[in-house]
Amino acid sequence: MPKYNAMNRIFRPIFCALALLGALSAATAQSRLYVSPTGSDGNDGLKPETALQSLEGARTAVRDLKARNQLTGPLEVIFAAGTYPMTRAVVFTPEDSGTAEAPVTYRGDGQGPAVLSGGVAVTGWKKHKNGIWVTTLPPVQAGEWWFRQLYVNGRLRGRARTPNRGVLEVKATTDTTTSLRSYQVPSDSFEYAPGDLDPAWKHPENGEAIIYHYWTDTHLPVKAINGKRNVVSFGYSSGKVFRDGFEGDLARYVIENVYETLDQPGEWVLERATGKLFYMPMPGEEMETVEVIAPRTEKLISVEGDPLGGKFVEHLGFRDLTLAYSNFDLPWGDSNNDQGSATVGACVDLRGARDCSFEGCSLRNLGTFGFELFEGCTVNRFRYKTLEGLAAGGFRLRGAVAGGNPALRTGDNDISDNTIAHYGLTYPSAVGILVMHSDRNTITHNLIHHGDYTGISVGWSWGYLRSAARGNLIEKNLIHDIGYNNLLSDMGGIYTLGLSPGTTVRGNLVHAVNANRYGGWGIYADEGSTSILIEDNIVYHTKFGTFNIHYAKDLVVRNNIFALGRLQQFSRSKREPHTTAYFEGNILYWTQGRLMVDEYEWKDEPYPMHTSPYAPPRDTSTTFVSDWNLFYNPNQPKAAADISGRSWEQWNGEGKDIHSIYADPMFV
């Protein structure tokens, strides 16, 4: 007995240590799950050899671990390189959350792209005629599927269209509106110029008109073409009259997806009634070997919390994954009339998400926006991503309107260090980053380029009414080649809207902003922009003003460089009985165009100002403060400077720029 007790005392610590080591080993094994295109969702996923096969299967495996209380530390779900087809969105709910101590992260293995794909390989091609190939897609014929993008060997191909290059112009409107200021007038037809459209097209109902007017790309299904009246009619109405701007110009348009216009390599047509897909290959493309992908699945990832119920999806991360080939079809009756293509869906959407992250991911070849944050999304991070080849925009943030339920607030999100490139390819009015009813977001260090509409837009309340878009930081972003196809008007590299106390636009570099009729501005303070600090930005090479105010209040515009606007440098549309902006410490450098443009010639007007409840209103006339700036045009001496029809001395005599100088800033 004593001998046994002695042995027990010797070996018990060893047995305990071995047991602890085994438990730690089990915990270590469970800290990773593996996913592979060659795996199976019937596997346990604990080793690469027993990998799972899909994102949905991996999510289910994580739920099982949590249900067995085997998730006590950080968990990584590792995806091997390859393609993971997705026929529906994978939905993550509060039960899929991690914790601060045990976050759950789905990530690529770093050995190659791990692609979550909503696309379908299109096969079964047969020679048709005139260099055209054809295949049949039964789900299209059955009315279950429609798409607006097609990718051949990973490259976007365009639908057949007329004209092949450029645009057509509406000859005349058919509505009864006469006021040039009335633009939100539904219209369901217009007159075309003889020869522009062909009433002999066999199936014009396959066609879609894309009308470019104002700041909108209107999408309408063709109903009929009347060759006697030269009128094209549509299945439903637009949201705007078929004019373009406020001076009587008419809208421009193209017609896509009509078989008779299929005459260029790289074009395609999809027929609803027959389900036939026609494609004319590019030189060197062999239809027997090319990869043709059509997008099918709209959303790939959906994060669905319940903010009203206080149930959030938390501590959930996605890293180093590629998302591709999302699909979106405008619902019947939706002409894409909303500013910023605000009704187009997103590849990834979140609601009731808190402290979640998407980092190092790549979103490419999307038929949608990249990300959309709905109500109740706070403290989420979107960083180090590439979003490229987007039918719409990169990010859209919604949330509760001002005065709405605080539980539905969306804010304090971080969108930083991302690249958003070649966006708005199908819906040109889409925005790179669109912040609607959302506050205190950080939008920094992003590269945004080659979009047909605004790079960053902040605010979603027109005029001086209460707004939820407050305290947003737009800092150190590089934005260029905006409006580069000259399709739309009324845009800015950075655009603000409505009351925005605490919002700061700082240290951004904006250049190469174009537009069609009007409004290719660098920084654009639109209707009611109020209490915004705009400082330390560099803006140059814009078609219109490097800085523009529609109407605004109490903007602080200081220490910026505004240079080389083509038609104008600085502009304002409305004069109101308050101070629009404090314009101080800026450099304005120009070589062409007008210096300052204003409907009211930048003249002040008398108005009473209430400074205190203890004092009567004070008469004043200041609607714009400008001083301590530097102006220079190397081709124009100070004496020749034209400030909205006034000389420098006359401008000073009105109390403007008394301490400012006209001198060479010595740019290198």
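When you scan segment 618-636, do you find a residue that is open to solvent by 50 Å² or more (accessible area, probe 1.4 Å), in contact with a His (Cβ under 7 Å, 6 or more places away or on another chain) and among the aromatic types (F, W, Y), even just one?
The answer is yes, given that some residue of segment 618-636 is open to solvent by 50 Å² or more (accessible area, probe 1.4 Å), in contact with a His (Cβ under 7 Å, 6 or more places away or on another chain) and among the aromatic types (F, W, Y).
Quick one: would you say V120 is of a type in the set (A, V, I, L, M) and more than 30 Å from I301 (Cα to Cα)?
Against the criterion (of a type in the set (A, V, I, L, M) and more than 30 Å from I301 (Cα to Cα)), V120 does not qualify.
With the requirement that a residue be crowded, with 17+ Cβ neighbours inside 10 Å, within 27 Å of the chain's Cα centre (by Cα) and assigned to a loop (DSSP other than H, G, I, E, B), what does segment 565-576 give you?
G565, R566 - these are the residues of segment 565-576 that are crowded, with 17+ Cβ neighbours inside 10 Å, within 27 Å of the chain's Cα centre (by Cα) and assigned to a loop (DSSP other than H, G, I, E, B).
Do we have K202 as open to solvent by 50 Å² or more (accessible area, probe 1.4 Å) and touching a helix residue (DSSP H, G or I) at 6+ places or on another chain (Cβ under 8 Å) here?
Yes; evaluated as a whole, the condition is true for this residue.
Just checking: which of the strands (runs of 3 or more DSSP E) contained wholly in segment 61-128 hold 2 or more residues that are of a type in the set (S, T, Y)?
In segment 61-128, 82-85, 104-108 are the strands (runs of 3 or more DSSP E) which contain 2 or more residues that are of a type in the set (S, T, Y).
Taking segment 624-658 as the region of interest, how many residues are in a loop (DSSP other than H, G, I, E, B), touching a Phe, Trp or Tyr at 6+ places or on another chain (Cβ under 8 Å) and either at negative phi or among the aliphatic types (A, V, I, L, M) (or both)?
The qualifying residues number 5.
Taking interchain pairs and intrachain pairs at least six residues apart, which have beta carbon atoms under 7 angstrom, with the first residue in segment 625-639 and of a type in the set (K, R) and the second open to solvent by less than 50 Å² (accessible area, probe 1.4 Å)?
Qualifying pairs under 7 Å: K638/W648; K638/Y662.
Among the residues of segment 607-614, are any surrounded by 12 or more Cβ atoms within 10 Å (Cβ to Cβ) and in contact with a Phe, Trp or Tyr (Cβ under 8 Å, 6 or more places away or on another chain)?
Taking every residue of segment 607-614 in turn, none turns out to be surrounded by 12 or more Cβ atoms within 10 Å (Cβ to Cβ) and in contact with a Phe, Trp or Tyr (Cβ under 8 Å, 6 or more places away or on another chain).
Among strands (runs of 3 or more DSSP E) lying entirely in segment 358-468, which contain 3 or more residues that are open to solvent by 10 Å² or more (accessible area, probe 1.4 Å)?
In segment 358-468, the matching strands (runs of 3 or more DSSP E) lie at 362-366, 386-390, 447-451.
Please go through segment 547-573 and give me each residue that is touching a His at 6+ places or on another chain (Cβ under 7 Å) and either more than 23 Å from P617 (Cα to Cα) or of a type in the set (S, T, N, Q) (or both), ordered by number.
L564, S573
The values are calculated or read from the model by the stated rules, or taken from the named source; none is laboratory data. Because the structure is a prediction, the values reported are computed rather than measured. Ideal geometry is used to build each Cβ from the backbone, glycine not excepted, and the neighbour counts take in all protein chains shown. Heavy atoms of the whole protein, side chains included, go into the accessibility calculation; ligands, DNA and RNA do not. Shrake-Rupley method; radii C 1.70, N 1.55, O 1.52, S 1.80 Å.
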